[in-house]
1. Where the accessible area of the range 78-129 is counted over protein heavy atoms with a 1.4 Å probe, how much of it, in %, is carbon and sulfur?
2. Report the extension gain between R26 and E69 in nm, rounded to one decimal, defined as 0.36 nm multiplied by the number of residues separating them, less their alpha carbon distance.
3. Within the range 37-118, report the trypsin sites (Lys or Arg not before Pro) that DSSP leaves as loop and that have at most 15 other Cβ atoms within 10 Å.
4. Return the whole-Å distance between the Cα centroid of the range 1-48 and the Cα centroid of the range 77-134.
5. How would you classify the range 1-157 from its alpha-carbon gyration tensor, with a ≥ b ≥ c the square roots of the eigenvalues: rounded for a/c under 1.5, else prolate if a/b is greater than b/c, otherwise oblate?
6. Suppose each label sits 7 Å from its Cα in the direction of the beta carbon; what would the E89-T4 distance come out to in nanometres?
7. For a Förster distance of 35 Å, can you work out the FRET efficiency between the beta-carbons of L136 and A49, rounded to the nearest 0.05?
8. Modelling each spin label as a point 7 Å along the Cα-to-Cβ direction, I'd like the E34/V128 distance in nm, to one decimal.
Amino acid sequence: MTETALLQQAEAHCAHRGVRFTPIRRRVLELIGEASGGLKAYDLLDRLAKDHAAARPPTVYRALEFLIEQGLVHRIESLNAYVACPCPEHAHRFQLLICRDCGRVEELHLDEINEQLASRARTLGFQVQRQTIELLGLCQACQGSRNDGAEERADATADPVNTSSSTPKDAT
């Protein structure tokens with residue numbers, strides 16, 4: 001999703017809910033949307049300070065809290081970072097695929113997994129207040145670059161072709 005589409009969706013979402021999408025909240029979402037993967041709060045603050053010199057940690061954390069409450073941003077618990085949500089209607093029931101090499105994050109909405117977990121929790125008398133499912137691994141691009149690199153290293157370190165026989169020529 002483009003940053004423009006992300007911001008238009010956020011504006012419509014906030015208008016529908018009757019909440020204010022302030023310029024700071026908008027800029028925080030825009031910065032998160034521009035990031036290729038998760039963005040940490042202090043990295044976000046550094047970027048925000050370029051536009052808003054008065055920006056301080058409480059400003060960023062309040063904006064993040066609002067964006068999370070509205071389902072526009074997800075917190076990546078394992079990285080302590082934030083990522084834009086392309087579909088806020090699924091804000092509380094999602095799974096994240098996180099590439100440990102490039103940091104790319106993909107959001108999934110596998111409702112059958114959510115239903116199984118909710119059903120099991122109810123059976124056990126457990127009330128779920130928050131659900132976080134993060135799968136850490138390698139995206140397809142990073143798998144390819146690792147395989148390409150491994151093949152190149154293997155080619156470079158391979159023994160030259162042995163042209164001599166392992167059996168002495170005179171041994172017969």
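The values are calculated or read from the model by the stated rules, or taken from the named source; none is laboratory data. Everything quoted here is computed from the prediction, not taken from an experiment. All Cβ positions, even for glycine, are placed from backbone atoms using ideal geometry, and neighbour counts span all protein chains on display. Note: accessible area is taken over every heavy atom of the protein model, side chains too, but ligands, DNA and RNA are not part of it. Shrake-Rupley method; radii C 1.70, N 1.55, O 1.52, S 1.80 Å.
1. After summing per-atom areas, the C and S share lands at 52 percent.
2. 14.0 nm
3. Answer by residue number: K40, R100.
4. 20 Å
5. Oblate, because a/c is 1.5 or more while a/b does not exceed b/c.
6. 2.4 nm
7. The computed FRET efficiency comes out at 0.70.
8. Result for the modelled spin labels: 3.5 nm.
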